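Trainee: Can you read through this structure? Questions will come right after.
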């Protein structure tokens, strides 16, 4: 493990208010997104859409990394430039999703564990050779009646830690993503309690596996009300509760926390990130973003599968990236109606 190099890459991913574009949707997920705009999900259409994202003028000013799907990291732009090299031209680190998805957890009818450890050492080596410099693995923790169980949290934490160590041994910075879902009618107190417990268990597992904290990033959910909860916590409460939870659970050695949007709207995700940095700045780790839909939604809807809409789609992405970069500095001032 080259700890110094891993730490350097990790720091560069959260430097200067930049964040990460999550463009690692599986074929099934992006097909659903394409269905929503009436575009057929062919390999060429997926390639064209992602090329559009990665060639957005000036994107590298606000985005430091892009998480790719296996199909995408092997593709090339229209001019023949490999996608990882295309990103590198904008000073954007190529990253790769390496898990194979959440599968039913044996012994628990309602919970899941993320799989993909089999053959991971070899895949990490291959992805590093293709140009990846960081990776992502998402664990899913669902809140419901009598769940999550300690068994579910521990199983996912163990997998996250094994993934992280294998990545670091292979030269990739691991993004550790334990997502407590916002699906459900639970209140912010329940989200806080489950997120706190999950992060405690995850960092204990990382310690046992000998993961270098300086050479990783954390990608957590925000502490937020369930989307069906009758009382939705406001922006300031989400910011305060999230930062308090993280201060209690995340070691200072971790260089950065890059939040997932988790189904929040573009504007709300940006406002929450800004409030954390504007009102609770000076934390031991940088607070930034690793958004998928909250960066891409406007671009996807503008594109509609037509090359004629490329400029409009890229303008949408660039605007959202700029706003979130401002939020990562606590300088977001809202958006025009």
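Trainee: Choose one answer from 306, 212, 261: the residue with the largest mean-square fluctuation in a GNM of the chain with alpha-carbon springs under 10 Å.
Mentor: Between 306, 212, 261, it is 306 that shows the largest mean-square fluctuation.
Trainee: Calculated from the structure, Rg and Dmax of the Cα atoms in Å equals which of [x] 19.2, 57; [y] 23.1, 76; [z] 18.7, 54?
Mentor: Checking each listed value against the structure points to [z].
Trainee: Give me 200, 207 sorted ascending by neighbouring Cβ count inside 10 Å, so fewest comes first. Display every interim value, and only then the final one.
Mentor: On the way: 200 15, 207 12.
Fewest-to-most Cβ neighbours within 10 Å comes out as 207, 200.
Trainee: Hey, what number do you get for the chain at 222 nm if only DSSP H runs of n ≥ 4 count, each worth -39500 (n - 2.57), divided across all residues, to the nearest 500?
Mentor: Details: 12 runs with 155 residues, N = 337.
Per the formula, -14500 deg cm²/dmol.
Trainee: For an R0 of 35 angstrom, estimate the FRET efficiency from the Cβ-Cβ distance between residue 301 and residue 81 and round to the nearest 0.05. Write out the running numbers ahead of the final one.
Mentor: Working: r = 27 Å, r/R0 = 0.77.
So the FRET efficiency works out to roughly 0.85.
Trainee: With the chain treated as a Gaussian network of Cα nodes joined by springs under 10 Å, which of 233, 157, 286 yields the largest mean-square fluctuation?
Mentor: 233
Trainee: Normalised by the residues of the chain, what does the relative contact order come to in percent, with Cα pairs under 8 Å and at least six apart? Could you put the intermediate results ahead of the total?
Mentor: Values: 682 pairs, mean separation 63.7, N = 337.
In percent, rounded to a whole number, it is 19.
Trainee: Quick one: if the Förster radius is 25 Å, what FRET efficiency do residue 110 and residue 227 give, using the C-beta to C-beta distance and rounding to 0.05?
Mentor: Working: r = 18 Å, r/R0 = 0.71.
My answer for the efficiency is 0.90.
Trainee: When DSSP assigns beta bridges and you keep just the ones with both residues in the chain, what percent turn out antiparallel, to the nearest 5? Mind showing how you got there, number by number?
Mentor: On the way: 5 of 34 bridges.
The antiparallel fraction comes to roughly 15 percent.
Trainee: Using Cα springs under 10 Å in a Gaussian network model of the chain, which residue among 108, 64, 12 shows the largest mean-square fluctuation?
Mentor: Among 108, 64, 12, the largest GNM mean-square fluctuation belongs to 108.
Taken together, the values in this text are just the output of simple stated rules run on the coordinates, not laboratory data. Nothing here was measured: the structure is a model prediction, and the numbers come from that model. Here the Cβ is made from the backbone with ideal geometry for all residues, glycine too, and neighbour counts use every protein chain on show.
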